Structures are given as structure tokens and as C-alpha cells.
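*Asks:* Input: one structure, supplied below.
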There are 2 protein chains.
Amino acid sequence: METFFSFLEKRVDDCSSLLCIGLDPHIPDLKEPTAASALDFCLNLVKQTSSYAAAFKPNAAFFEVFGADGWTALKQVIDAIHAESNRLGSKIPIILDAKRGDIASTAEAYAKSAFENLGVDCITLSPYLGKDSIEPFITNYEKGVFLLCKTSNPGSGDLQDVSVVGATGQSPLPLYEHVAYLAQTWNTKNNIGLVVGATHIDAMKRVREAAPDLWFLAPGVGTQGGDLESALKAGLRKDGKGMLINVSRSIARADNPKPAAAELRDQIVNIKRDLNRKAR
Amino acid sequence: METFFSFLEKRVDDCSSLLCIGLDPHIPDLKEPTAASALDFCLNLVKQTSSYAAAFKPNAAFFEVFGADGWTALKQVIDAIHAESNRLGSKIPIILDAKRGDIASTAEAYAKSAFENLGVDCITLSPYLGKDSIEPFITNYEKGVFLLCKTSNPGSGDLQDVSVVGATGQSPLPLYEHVAYLAQTWNTKNNIGLVVGATHIDAMKRVREAAPDLWFLAPGVGTQGGDLESALKAGLRKDGKGMLINVSRSIARADNPKPAAAELRDQIVNIKRDLNRKAR
């Protein structure tokens, strides 16, 4: 049995990719505003991009919006990724983007829903309720979490950038950095990572210093304006891993998602090679 | 058309109650671990307690855990509350306890799911992503939100109690108090409230000072150990309103939920009367 991040690293090696393919069936991108159409949209994306996907990340909101039918479609998308993994002979981790965060038995119910019923490997969570709200999701080291740390949206600073003191016995530091320190401390089973937006490069550098070992899930490249090279330079670990670049719309809206994913995978490989050369 | 909190206050006046009845179909409390059993459990609670409910609060996690069937049951519970409101001739607000928090179009999808598809009036949200993540939920002033401020769980202090400096130009203050100030500022349409646990009375006093006008949703009385009188003393507004006391298990697990709810409603009325006398 392996920890969640050992599993992810194995897949990263298998596909030579750091791409996390977001499965976000936005209604305007669908043929019809129905769960069936959302399902078709995702199944096509999975089929087209699986060779280049270090992970898939379905976003719960775009399924929930279709009610019970959406939930059925979400389960079908997850089952289809499992089938695609079998076909490829390389298991692709599935991260449920749900940003849940609740206490005690409620957190347990969300964990059961994600890991047992839906069958995903990892989930995004809010850290606002503290460690006991994370616990039910990390008890099993084969399952992982990405905690929100510094998000990619313009308003992220309202809370995440406030200066906090005393928490780590150091000089004032932004709240997101405090979260990074906490996550680093809590990560005793190699199954906690951080969401760090590629739209905030300075923040990403600080988070990498605070949490040198943790995996980042980095949204914000592409449509949201984040620069790929700057993000990789700021966020990669010394071993050239430790970072999933999330892409959703820029691949989903491409005329042909397969070559779009291949090109982005290759761009990342090339940037990593150049960074590696410079570091020598 | 009225704002969400005008609507809530009207209901509070109609039923002389500050009780928010939590609809949390925990699996151990059900006859069978099925969505149908969760539905029965909630329908019974709604029927028994509606006369004393200032609001109902279904918790999304305990429905999600049953997948698509759970989602259907959640919608049926909400429809049943609407029917019960019609029967009573007094509309009972429905707060979806979901603690969502996401950005841009994702937040819009969650808002559409809750307000349009499920048909609730209010939702609980995490503040960690900042104001733009709240915006899609508060655009329509008839719909409301309760933002997590100081939660009732033991680990809430990991983030919520860290000392923030400089944010409001004052001396260091706990993060939860900063959230209270932000919420007070953001509440331009009378549709933002705060979740403040009844297990942290000192924190509740501080939040009431920081946000003298906002409504609180206060979990933690009963099973979690919060004291009703202390909570009301710390959290009520000067007008004797401004606070919903959430109860779930202590009513749901009573041999007879109806008199249990009636008794708790009366306890609150009596405590309020005593507090009012002392204040004169």
C-alpha cells in the first residue's frame, strides 16, 4: 500500500506530465444545459487527454447544479476514469474539487461520500475550521487532500493576505503562509498538499519556502492569466516535481483537446529542462 | 420584496422562537442506511417541530453521502418544508448547511444549485476565499448567507484564533473578529450573517461587539456542551433578536421531538425575559 502522494508521483513518472486536467462542465460550454450533456463533455475530455493527465479533477459544483442527475453523471465520469486507467495500465489519481470543510460527523460524511461512494482518491478542502475538520479525510494515508492556501481569485487577499503574529513564533506573516506551515506540520502521512494559485507568483515562492516538501495544486494558468514558466520556477520542488498545473478551459475549449494537452505537457517538460540546466 | 433577514425576522415574530432546527440524518439515527430512511427521518422532524422552527437547516453532507438518491431526498425535504409553510400560513426560511466556498463561475454554480434548483433561502459559506467568492450568493438580497466566523469545534482555533495585525488599524485581534468586521462591512443588503459557536462564549461576546447588527447562527448548544443562557446573554442583539439557536441531535433524538422543541423554545423565551428584566 502506498501513500496518496507516492501514488501521484508514480503516475507523474508514467506519463511524464504535471498536468491536472480539470473537468468543469460549465453550462455555456455544453451542447444542452443537462447532466447528460455534462457527462458527454467530460467523457470526451477524459478520452482525449488521459495520456497526458497526471490527474483528473472533476469540480463538484458543475455537477451539483444538475441535482440528482448531476450526481449520477459525476459518478459515471469517475467510473470512466477508472476504466481509462485500466486501459492505459497506469492508474490516474482523481481529485474531487469540492472545497468542503466541516466538523466531526459532518466531515466524516463528506469523506465517506468522496472516497467510498464516489471513489475518488483526493479532495480539496478549506482549512478554516482547523485540523480536526481535516482529520477524517487523512486518516487513510492512501487518500489525500489539497488544502486551500493561496487561491487564484482577485479577492483571495481579503483573508489569506492578512498579517498574523505569534502563530509560529516568527515575525508577522501572511495567513496563507501560516496555513502552509500548519499543513507541513500536519502532513505526517504524505497525504496533504496545498492549493496555490499560479496568479500570485510571489506568494507561491513564499509557500514553497514554508513548505519545501508539499505538493501544490496550481490553478490559474491560462484563462486566469497565470504565467506557466514563472509558476513552475516559483513552485517546483528541487526534485522537479511537487506541483500539478491545473488546466480546464484552455484545453476543454480548444478545437481539439488532445493536441492542446500534448502541447502543454511538452511545454512543461521543456521549461523544466531549461530550469534544470540553469540550476546546474 | 424583502431582504433575507427581514423575512427571517418576520418568521421569528410569527412563531416567537429563535430555534433553528437542524435536519442532520446521521446514519446511526436512521432505521436503515438509505436515502429513503433519511427522508423519513427529516419529514417526521419537519412535521413535529414546524410550529417552533424559526428556520430549518438541512445539512448537505448527510444527503450527499447517499449520492444521487440523497440529493433527491434533500430536494424532497425542502419541498416538504415549503408545503408545511403553506399549511401554517407562515413561510419558514430554509438554510442549506453546506459551507461551500469557491471562486467565480464555480461559486455561481453553487449559488444556482442552492437557490434556484434546491430552492433554499440561505446557505452557510466559508469566508476563506474572500468577498468575490461570496458575491454570487448575495447579489439577490432576498437570499442570504451565514459566513463561518468562530466555529463550535475544538480545533477551530488553529486558524480562527490567530492574531491579525494591521487589518483594521487596531491592536491585534483574532482572525474570527477580523471576519466579523469584514462581514459587517460587506453586509450592505441585509443578507449576511455569521456562524458563531455557542461553545465559545468569550468569542461570541467579541463578535457581537464587532458586528452589533448581524444575525448569528449559533450551533453547539446541547450535545456539544454549549450553555443556552450564556450563549443568549453573549449573542443576542439589543432588540432581543439577532441569533438563531441551532439544535439537531438533542431534538432529533428525543423520544418525542415536538414537546422537546416546544420546551426549548419556551426556555429561550424565559431566558430572554429574564435578561430583559435585568437590563431595565
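*Asks:* So residue A:76 ticks every box in (1) within 8 Å of another protein chain (Cβ to nearest Cβ); (2) more than 30 Å from residue B:197 (Cβ to Cβ) but one. Which box is left unticked?
*Replies:* For residue A:76, the exception is condition (1).
*Asks:* One residue is enough: does region B:143-152 have a residue meeting the conditions away from chain A (no Cβ under 13 Å), open to solvent by 10 Å² or more (accessible area, probe 1.4 Å) and of a type in the set (Lys, Arg)? Lay out the reasoning, then the answer.
*Replies:* The initial filter retains those residues of region B:143-152 that are away from chain A (no Cβ under 13 Å), namely B:143-146.
From the residues that got through so far, the ones that are open to solvent by 10 Å² or more (accessible area, probe 1.4 Å) too are B:143.
Going one step further and asking which of them are of a type in the set (Lys, Arg), we end up with B:143.
Among the residues of region B:143-152, at least one is away from chain A (no Cβ under 13 Å), open to solvent by 10 Å² or more (accessible area, probe 1.4 Å) and of a type in the set (Lys, Arg), which makes the answer yes.
*Asks:* What residue, among those in region B:1-17 that are within 16 Å of residue B:144 (Cα to Cα) and in a loop (DSSP other than H, G, I, E, B), is least open to solvent (accessible area, probe 1.4 Å)?
*Replies:* B:3
*Asks:* It is to be established whether one or more residues within region A:81-92 are in contact with a Leu (Cβ under 6 Å, 6 or more places away or on another chain), open to solvent by less than 10 Å² (accessible area, probe 1.4 Å) and of a type outside the set (Gly, Ala, Ser).
*Replies:* No, there is no match, as no residue in region A:81-92 is in contact with a Leu (Cβ under 6 Å, 6 or more places away or on another chain), open to solvent by less than 10 Å² (accessible area, probe 1.4 Å) and of a type outside the set (Gly, Ala, Ser).
*Asks:* Further question: Restricting attention to region B:198-207, and to residues there that are open to solvent by 20 Å² or more (accessible area, probe 1.4 Å) and part of a loop (DSSP other than H, G, I, E, B), which single residue is farthest from the other protein chains (Cβ to nearest Cβ)?
*Replies:* Filtering region B:198-207 down to residues open to solvent by 20 Å² or more (accessible area, probe 1.4 Å) leaves B:199-202, B:205-206.
When the remaining residues are screened for being part of a loop (DSSP other than H, G, I, E, B), the result is B:199-200.
Details: B:199: 11, B:200: 13 Å.
Only one residue tops the list, namely B:200.
*Asks:* Please state which one of B:255, B:239 is closer than 21 Å to residue B:146 by Cα and part of a loop (DSSP other than H, G, I, E, B). It would help to see each step written out before you state the result.
*Replies:* Numbers: B:255 fails: closer than 21 Å to residue B:146 by Cα.
Step by step, each of B:255, B:239 is checked, and only B:239 is closer than 21 Å to residue B:146 by Cα and part of a loop (DSSP other than H, G, I, E, B).
*Asks:* Quick test for you: out of A:137, A:66, pick the one residue that is at negative phi and within 11 Å of another protein chain (Cβ to nearest Cβ). Don't jump to the end; show me each part of the working.
*Replies:* Working: A:137 fails: within 11 Å of another protein chain (Cβ to nearest Cβ).
One residue alone meets the criteria, A:66.
*Asks:* Mind listing whichever residues of region B:110-129 are open to solvent by less than 10 Å² (accessible area, probe 1.4 Å), more than 15 Å from residue B:193 (Cα to Cα) and facing chain A (nearest Cβ under 7 Å)?
*Replies:* Scanning region B:110-129 gives B:110, B:113, B:128, B:129.
*Asks:* Which of (1) without any contact (Cβ under 8 Å) to a residue 24 or more places away in the chain; (2) surrounded by fewer than 24 Cβ atoms within 10 Å (Cβ to Cβ) does residue B:64 not meet, given it meets every other one?
*Replies:* Every listed condition holds for residue B:64 apart from (2).
*Asks:* Oh, and also: Among the residues of region A:14-64, how many are in contact with an Asp or Glu (Cβ under 7 Å, 6 or more places away or on another chain) and aliphatic (A, V, I, L, M)?
*Replies:* Residues that pass the stated criteria total 4.
*Asks:* Could you check residue A:54 against (1) open to solvent by less than 50 Å² (accessible area, probe 1.4 Å); (2) within 12 Å of chain B (Cβ to nearest Cβ) and say which number it fails?
*Replies:* (2)
*Asks:* While we're on this one: If you scan region B:92-136, which residues turn out to be out of contact with any Gly (no Cβ under 8 Å at 6 or more places or on another chain) and of a type in the set (Phe, Trp, Tyr)?
*Replies:* Scanning region B:92-136 gives B:110, B:115.
*Asks:* While we're here: Do we find a residue being within 14 Å of chain A (Cβ to nearest Cβ), open to solvent by 10 Å² or more (accessible area, probe 1.4 Å), part of a loop (DSSP other than H, G, I, E, B) and within 21 Å of residue B:218 (Cα to Cα) anywhere in region B:21-32?
*Replies:* Of all residues in region B:21-32, those within 14 Å of chain A (Cβ to nearest Cβ) come to B:22-30.
Okay, now just the ones that are also open to solvent by 10 Å² or more (accessible area, probe 1.4 Å), so B:24, B:26-30.
Going one step further and asking which of them are part of a loop (DSSP other than H, G, I, E, B), we end up with B:24, B:26, B:30.
Narrowing further to those that are within 21 Å of residue B:218 (Cα to Cα): B:24, B:26.
For region B:21-32, residues within 14 Å of chain A (Cβ to nearest Cβ), open to solvent by 10 Å² or more (accessible area, probe 1.4 Å), part of a loop (DSSP other than H, G, I, E, B) and within 21 Å of residue B:218 (Cα to Cα): present.
*Asks:* Looking at B:155, B:197, B:193, which one is closer than 17 Å to residue B:99 by Cβ, among the small types (Gly, Ala, Ser) and in contact with a Phe, Trp or Tyr (Cβ under 7 Å, 6 or more places away or on another chain)?
*Replies:* Among B:155, B:197, B:193, only B:193 is closer than 17 Å to residue B:99 by Cβ, among the small types (Gly, Ala, Ser) and in contact with a Phe, Trp or Tyr (Cβ under 7 Å, 6 or more places away or on another chain).
*Asks:* With the structure loaded, tell me whether residue A:253 is open to solvent by 10 Å² or more (accessible area, probe 1.4 Å) and touching a residue at least 60 places away in the same chain (Cβ under 8 Å) or whether it fails that test.
*Replies:* Criteria met by residue A:253.
Conditions tested, residue by residue: (1) open to solvent by less than 10 Å² (accessible area, probe 1.4 Å); (2) more than 30 Å from residue B:105 (Cα to Cα).
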residue	(1), (2)
A:163	no, no
A:174	no, no
A:183	yes, no
A:193	yes, no
A:209	no, yes
A:214	yes, no
A:239	no, yes
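*Asks:* Within region A:39-49, is even one residue within 14 Å of chain B (Cβ to nearest Cβ), open to solvent by 10 Å² or more (accessible area, probe 1.4 Å), farther than 24 Å from residue A:5 by Cα and assigned to a loop (DSSP other than H, G, I, E, B)?
*Replies:* Taking every residue of region A:39-49 in turn, none turns out to be within 14 Å of chain B (Cβ to nearest Cβ), open to solvent by 10 Å² or more (accessible area, probe 1.4 Å), farther than 24 Å from residue A:5 by Cα and assigned to a loop (DSSP other than H, G, I, E, B).
The values are calculated or read from the model by the stated rules, or taken from the named source; none is laboratory data. Note that the coordinates shown come from a computational prediction; the quantities given were computed from them, not determined experimentally. With ideal geometry, Cβ positions are generated from the backbone for all residues, glycine too; neighbour counts draw on all protein chains shown. Quick note on the areas: whole protein, heavy atoms, side chains included, nothing else; ligands and nucleic acids left out. Shrake-Rupley method; radii C 1.70, N 1.55, O 1.52, S 1.80 Å.
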